[in-house]
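Data first, discussion second: the structure below is written as structure tokens.
The values are calculated or read from the model by the stated rules, or taken from the named source; none is laboratory data. Note that this is a predicted model, so its numbers are computed, not measured. Counting neighbours? That spans all protein chains shown, and the Cβs are built from the backbone with ideal geometry, glycine included.
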Amino acid sequence: MFLSTEQLVRFLGAAFLITISPGPDVLATVSLGLSRGWRVAVGFGMGCGSGCLLHTLLAVLGVSALLQASPVAFGLLRFCGAGYLVWIGWGALRSRGVVQVPGAVGVGDVFRGQSESVTGLGWFRRGLLANAVNPKVALFFLAFLPQFVEDRGGHRGLQLAVLGLVFTLNAVVVFSLVGFFSGRVGHLLQGQAGVSKWLDRLTGVLFWGLAVRLLFVVK
């Protein structure tokens, strides 16, 4: 077996701690859960988690190393990622608040000016894209995954691929749970007059803050 049980346990423990820490993906998922409901948050969180598959592939192919070596490529991808986060944040800031649907739990209307459905699929795509265009995630995978590759196991590329798949599954589960529980809390808060609109405002500010962080935090 090219991956030992001890190797997998150590990796999964580290992956879980990293995933559950209050990073950009977790904060975005929580804010969407509070303002948009659990379906949106779970969809977005699953998209963010699934985006790790792309970064695993980039790490295996060495594309992440190219991003690290090329300031131009890194900067271009960083600006694209920040612009996308600004766009999502702008939609939240323009929103008039959540419209409750009878018989639904924590379901809101979509952000004005954004035509995606409130079902999780549209927000899954947004989470996937937000993760995919973040070059810092690509560099993280390039630095993190090789630390758990063991020479005695051979097949270094295959080890990287399997570790990346394990990380992705872990991220999808964790982000989905975070999205679900934050959505339940948001459902309780939305019952109070005026709260949903301010939750949307906070969500928009958070996404803009993540965009600024992506632009100005050095790699």
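The single residue among 37, 47, 83 that is surrounded by 22 or more Cβ atoms within 10 Å (Cβ to Cβ) and over 29 Å from residue 162 (Cα atoms) turns out to be 37. Only one of the listed residues (13, 75, 89) is of a type outside the set (Asp, Glu), over 23 Å from residue 175 (Cβ atoms) and either touching a strand residue (DSSP E or B) at 6+ places or on another chain (Cβ under 7 Å) or at pLDDT 75 or above (or both). That residue is 75. Within region 1-27, how many residues are in a helix (DSSP H, G or I) and polar (S, T, N, Q)? Final tally of qualifying residues: 3. At pLDDT 90 or above, closer than 19 Å to residue 35 by Cα and either among the basic types (Lys, Arg) or in a helix (DSSP H, G or I) (or both): does that describe residue 176? Criteria met by residue 176. Among the residues that make up region 124-134, is at least one of them at pLDDT below 75 and surrounded by 14 or more Cβ atoms within 10 Å (Cβ to Cβ)? No: zero hits. Under 28 Å from residue 177 (Cα atoms), touching a residue at least 60 places away in the same chain (Cβ under 8 Å) and buried (at least 21 other Cβ atoms within 10 Å of the Cβ): does that describe residue 30? Taking the combined requirement at face value, the residue satisfies it.
Just one of (1) at pLDDT below 80; (2) farther than 19 Å from residue 41 by Cα; (3) part of a helix (DSSP H, G or I) fails for residue 147. It is (1).
Conditions tested, residue by residue: (1) surrounded by 15 or more Cβ atoms within 10 Å (Cβ to Cβ); (2) more than 26 Å from residue 66 (Cα to Cα); (3) in contact (Cβ under 8 Å) with a residue 12 or more places away in the chain.
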| position | (1), (2), (3) |
| --- | --- |
| 143 | no, no, no |
| 152 | no, yes, no |
| 162 | yes, no, yes |
| 168 | yes, no, yes |
| 177 | no, yes, no |
| 188 | no, yes, no |
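Whenever a residue of region 87-99 is in a loop (DSSP other than H, G, I, E, B) and among the aliphatic types (A, V, I, L, M), its partners that are at pLDDT below 75 and crowded, with 19+ Cβ neighbours inside 10 Å, lying with C-beta atoms within less than 7 angstrom and at least six residues away or across chains, give the pairs 98/108; 98/190; 98/196; 99/108.
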